[in-house]
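In what follows, a single structure is set out as structure tokens and then discussed.
The values are calculated or read from the model by the stated rules, or taken from the named source; none is laboratory data. Keep in mind the model is a prediction, meaning the values are calculated, not measured. Cβ placement follows ideal geometry from the backbone for every residue including glycine, while neighbour counts extend to all protein chains displayed.
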Amino acid sequence: MSESLGMACLRGLARGGARVALVDAGMGGRQIKAGLLLGAGLALAQRIRREESGPRVGVVLPPGAGGTIANLACVLAGKTPVNLNFTSGRAASDSAARQSGLRMVITAKKVEEKLGEHFPEAGRRVDLAKLLQEEKPWAVMWSVLAFVLPVWCLAWLAKVPREGGDREAGLLFTSGSTGEPKGVVLTHRNLLSNLSQIEGVLGDLKLGSVLGCLPLFHSFGFTVTLWWPLTGGPRVVTYPSPLEVHALGDVISNYRVDLLVTTPTFLRSLMRKGGKEKLGGLKMVVTGAEKLPSALREEFVQKIGISVHEGYGMTEGSPVIAVNRPGAEKPGTVGKPVRDLEVRTVHEETGQVLPKGEAGILEFRGPNIFLGYMGRPDLTQKVLREGWYHTADFGRVDEEGFLTIEGRRARFSKIGGEMVPHGVVEEHLLKWFKERGGFHEGAQEVMVTAAEDEKKGEILVVLHSCELEGIEAEKALRDMGLPNLWIPKKFIHVKAIPILASGKLDLAAGRKIAHSG
């Protein structure tokens, strides 16, 4: 697939330019038609090309019309948009900006004011609103041209790069849940392949709109709710934050959102705040980033009347790897891998390829798998072997082709020579806690992590923001049949369980608390 992402966006927006492509719920439900979106992107692209000679442009904006136009303009100008994670802390965002060699960052005055001294050091700051106001006449002109000119002619006039292939199209940084952020280079081929794979799974479901509230620096927010709508997918209804669950319930209801892509943590809160009245109109719900607890799946069906489909992805996979969908689902799994993606498992220590169906470390090979980490050939060589991406996840593929994730290396502890999964212990604790009536809906109140131990290497540690007696919890876990090695040895009460802006548990912060507690 040699076409550029910019050409794919131009083609997707120019086709049916009169349709509403984006609804900005954070700006009172402002509707933007595809042709106007493309016009603004093309006008801003010319400005970026004149003012920035470097290959990358920083973006510090939430999901919305502004963030969409900024990213669109970058790819139309042949630049790589680098959406900086402004929630990860100043040190991490500064590191990402420095690694990217950014000299220009597109943002908004309100974002600058809100972040204050926490704003990333990413070169010259450019106010998007001011840019768009200055380029408004050109935006109108390009919008008109988009309606009357064929795509090839429009691309030629606007100097939109046609070829993409293995050139860099996106640069995302790992969330930092396990340490220092790494730059994941995604090519035009990677992103366009994954968009085609997503369309292959969901295209026939006739989904008219998708909620876009995941951060643009998050891989799902970047591909699924940014580029998919721009290249011809469903309309996107944006909201600037996934944390404001009460507002999101209104957005889903008021703007008739069909598809919700979120994490189990956020879904639990949405279910409690929104209820069937606000969420009952959804056509499909997909969760990822963390394992979907069976209790949450069942409760959502019971209270909202809609099935929850678990999926699986990673930044290095552009990101969608597998997903359950109506008519092709198997609870407990993350669905079947997307087309053109090979899957195998290998032995954790020897690296030997295991027979199909046997659990091991997951490896993937396909057009959506990244080509390496930016400036880190040492790390790249560790995870890419003859085109196979060696993940940090344990899993298996069954005879029907469904993929099951057993857990992450970072969420396992080796105790007494045995690999103990944090997630399984966590789920048992939540089940027990709910049965005894102490569970608060919508809150992530328990996290299992680990701390070093002189005798056994590691011990399991439970962080809890709820009232919980350690001795009582230990007994309950034993009564539920968990092995002795799997019983946590330390319980630490915290004000709140550490959560990243992406909705994932902050594993690094959790371990830090466990070690110091």
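Some observations on this one:
- Residue selected from the stretch 266-312 under the condition in a loop (DSSP other than H, G, I, E, B) and farther than 22 Å from Ser219 by Cβ, by the criterion modelled with the lowest pLDDT: Pro293
- Checklist (1) surrounded by 20 or more Cβ atoms within 10 Å (Cβ to Cβ); (2) in a loop (DSSP other than H, G, I, E, B); (3) without any contact (Cβ under 8 Å) to a residue 60 or more places away in the chain applied to Glu121, failing item: (1)
- Residue match in the stretch 6-26 (condition: touching a residue at least 12 places away in the same chain (Cβ under 8 Å) and in contact with an Asp or Glu (Cβ under 6 Å, 6 or more places away or on another chain)): no
- The residues of the stretch 252-265 that are in a helix (DSSP H, G or I) and buried (at least 24 other Cβ atoms within 10 Å of the Cβ) amount to a single one, Ile252.
- Answer from Ala139, Ala92, Ala97 - the residue that is among the small types (Gly, Ala, Ser), buried (at least 18 other Cβ atoms within 10 Å of the Cβ) and touching a helix residue (DSSP H, G or I) at 6+ places or on another chain (Cβ under 6 Å): Ala139
- Scope the stretch 1-51; condition within 30 Å of Pro367 (Cβ to Cβ) and among the charged types (D, E, K, R); matching residues: Glu3, Arg11, Arg15, Arg19, Arg49
- Test result for Phe217, in a loop (DSSP other than H, G, I, E, B) and farther than 24 Å from Gly423 by Cα: yes
- Flag for Leu154 being under 25 Å from the mean Cα position of the chain (by Cα) and not small (Gly, Ala, Ser): no
- Tallying residues that are in a loop (DSSP other than H, G, I, E, B), under 22 Å from the mean Cα position of the chain (by Cα) and among the acidic types (Asp, Glu) within the stretch 321-348 yields 2.
- Complete set of residues in the stretch 185-218 that are touching a strand residue (DSSP E or B) at 6+ places or on another chain (Cβ under 7 Å) and of a type in the set (Ser, Thr, Tyr): Thr187, Ser209
- In the set (1) more than 26 Å from Lys159 (Cα to Cα); (2) polar (S, T, N, Q); (3) crowded, with 24+ Cβ neighbours inside 10 Å, the condition left unmet by Asn71 is number (1).
- Put simply, of Val111, Val105 the only residue that is touching a Pro at 6+ places or on another chain (Cβ under 9 Å), in a helix (DSSP H, G or I) and β-branched (Val, Ile, Thr) is Val111.
- Residue in the stretch 199-207 that is on the phi < 0 side of the Ramachandran plot, at pLDDT 95 or above, touching a helix residue (DSSP H, G or I) at 6+ places or on another chain (Cβ under 6 Å) and not assigned by TED's automatic domain parsing to the domain that holds Ala18 present: no
- Any hit, the stretch 136-153, residues being within 18 Å of Leu72 (Cβ to Cβ), hydrophobic (A, V, I, L, M, F, W, C) and touching a strand residue (DSSP E or B) at 6+ places or on another chain (Cβ under 6 Å): no
- Within the set Gly101, Gly58, Gly64, Gly29, the sole residue that is in contact (Cβ under 8 Å) with a residue 12 or more places away in the chain, on the phi > 0 side of the Ramachandran plot and within 20 Å of the chain's Cα centre (by Cα) turns out to be Gly64.
- The stretch 342-375: number of residues that are under 17 Å from Met314 (Cβ atoms), modelled with pLDDT under 95 and acidic (Asp, Glu): 0
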